[in-house]
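What follows is a single structure, and I will ask about it in a moment.
The values are calculated or read from the model by the stated rules, or taken from the named source; none is laboratory data. Just so you know, these numbers come straight off a predicted model, no measurement behind them. Cβ placement follows ideal geometry from the backbone for every residue including glycine, while neighbour counts extend to all protein chains displayed. The area values use the complete protein model at the heavy-atom level, side chains included, leaving out ligands, DNA and RNA. Shrake-Rupley method; radii C 1.70, N 1.55, O 1.52, S 1.80 Å.
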Amino acid sequence: MVEQSYPVQKEWNAINIPDGTRFEKDHFPLSRNYKAYIDYVLISEGFLRDRIDRMAQNIYAEYRDKGQLDILVIMNSAFKFFTDLLSAINKLSEGDFAKGDEERLKIRVRYCKITTQHLNLGVVDIEKIHVPVTKEEIIGKNILVVEDIFDSGSTIIKTRDVLKEYEPGTLKFAILFHKKNLKNLKHNFFGDFVGFIIPDVFVIGYGMDYNEYYRDLNHLCVINQEGIEHFKQ
Ligand SMILES: O=P(O)(O)OC[C@H]1O[C@H](OP(=O)(O)OP(=O)(O)O)[C@H](O)[C@@H]1O
């Protein structure tokens, strides 16, 4: 059987990490307690940071004249991406302020944990998503959703659908990793600001976890079998 390859589009403005990319873990600073459980490094911290700096420039250019930006950070894994992104946006905004801009872009940050609930109503199963924000917080605002990864796509798509009902002024998505997961193609979705298009492998680090471990790992890595066993719950 010929494997279907992921149809990466030319107009997607993101770095495509080719399938099969793997960097030797010994070539990077990694703590000993984690090193044994990592198969390889997929994207190093330095590369991530540089890309995030560029994403911050694109985002700042989009919102700097709009006065206020309302950011919705989807917890938990996006904390690391968001922290670095916000700090890069702030540097740009401070730079403009130092050069004489009268006001800085106002940024409002709202963290939210998306949860889903399965309701069995006798005949049908309904999956209900809970996005803990009110319509008042969204209506008419320039909303930027910050998320670490688009994998099966279900979290982002459901969040988008709920937020659209709240009538935002604009609604955009900053996503660090878009996975080449064939299942997500059905959504026909690509974020407005995307860092990397990555192979369909289970990734950890840079905020992402395996049973809550590895969130503190600086590089984006692929876990090995020993790691899966060791940190099994
Ligand atoms: O595209 P999808 O298949 O929906 O997957 C993406 C979601 O999965 C991860 O969150 P997770 O639910 O693991 O929670 P966490 O952020 O707390 O780790 C990730 O942070 C995204 O929110």
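Hey, can you grab everything whose amide H is under 5 Å from the amide H of V145? Only 5+ residues off in sequence or another chain; H modelled, so Pro and N-termini drop out.
L72, K172, F173, A174
Ignoring ligands, DNA and RNA, what percent of the accessible area of the chain is carbon or sulfur (1.4 Å)? Don't skip to the end; give the middle numbers.
Values: 6190 of 12770 Å².
Ligands and nucleic acids excluded, carbon and sulfur give 48 percent.
Rounded, prolate or oblate: which fits region 26-160, taking a ≥ b ≥ c as square roots of the Cα gyration tensor eigenvalues, rounded meaning a/c under 1.5, else prolate when a/b beats b/c?
Because a/c hits 1.5 or more and a/b fails to exceed b/c, region 26-160 counts as oblate.
May I ask for the distance between the Cα centers of region 16-45 and region 183-219, given as a whole number of Å?
15
Still on this structure: How much of the DSSP bridge set in the chain is antiparallel, in percent, rounded to the nearest 5?
Bridges in the chain are about 35 percent antiparallel.
Please identify the helices of the chain, taking whole runs of DSSP H, that span at least 18 Å along their own axis as judged from the Cα atoms and have a mean Kyte-Doolittle score of -1.0 or higher.
Passing helices, by number: 45-63, 79-98.
Using the Karplus curve 6.51 cos²θ - 1.76 cosθ + 1.60 with θ = phi - 60°, what ³J(HN,Hα) values do you get for each residue of region 203-212, in whole Hz, with x for Gly and Pro?
Each residue's phi maps through the Karplus curve to give 10, 9, x, 6, x, 8, 10, 10, 6, 6 Hz.
Can you give the percent of C-alpha pairs in region 153-223 whose distance is more than 15 Å?
On the way: 1557 of 2485 pairs.
Value for region 153-223 (Cα pairs over 15 Å): 63 percent.
Ok, one more. Whose amide H sits under 5 Å from the amide H of D200, counting only residues 5 or more places off or on another chain, with H placed in the peptide plane?
K180
For the chain, compute Rg over Rh where Rg is the Cα radius of gyration and Rh is the Kirkwood radius from the inverse mean 1/r over Cα pairs.
So for the chain, dividing Rg by the Kirkwood Rh gives 0.99.
Still on this structure, I have one more. With every protein chain kept in the model, how would you rank R22, R160, R32 by accessible area, 1.4 Å probe, largest at the top?
The residues order as R32, R22, R160, largest area first.
A further question follows. Please give the contour-minus-distance gain from I139 to L182: 0.36 nm per residue of separation, less the Cα-Cα distance, rounded to one decimal in nm.
Once the chain is fully extended between I139 and L182, it gains 12.1 nm.
Right, another one. What longest region of the chain stays clear of GluC sites (Glu not before Pro) that DSSP places outside H, G, I, E and B and that have at most 11 other Cβ atoms within 10 Å? Each step should come with its number before you reach the end.
Working: sites that count: E3, E11, E24, E102, E103, E212.
Counting at most 11 other Cβ atoms within 10 Å as exposed, the longest clean stretch of the chain is 104-211.
A further question on this structure: Taking 20 Å as the cut-off for C-alpha to C-alpha distance, list the pairs among K10/K158; K35/K113; K25/K183; K66/K91; K10/K180; K99/K141 that go past it.
K10/K158; K35/K113; K25/K183; K99/K141
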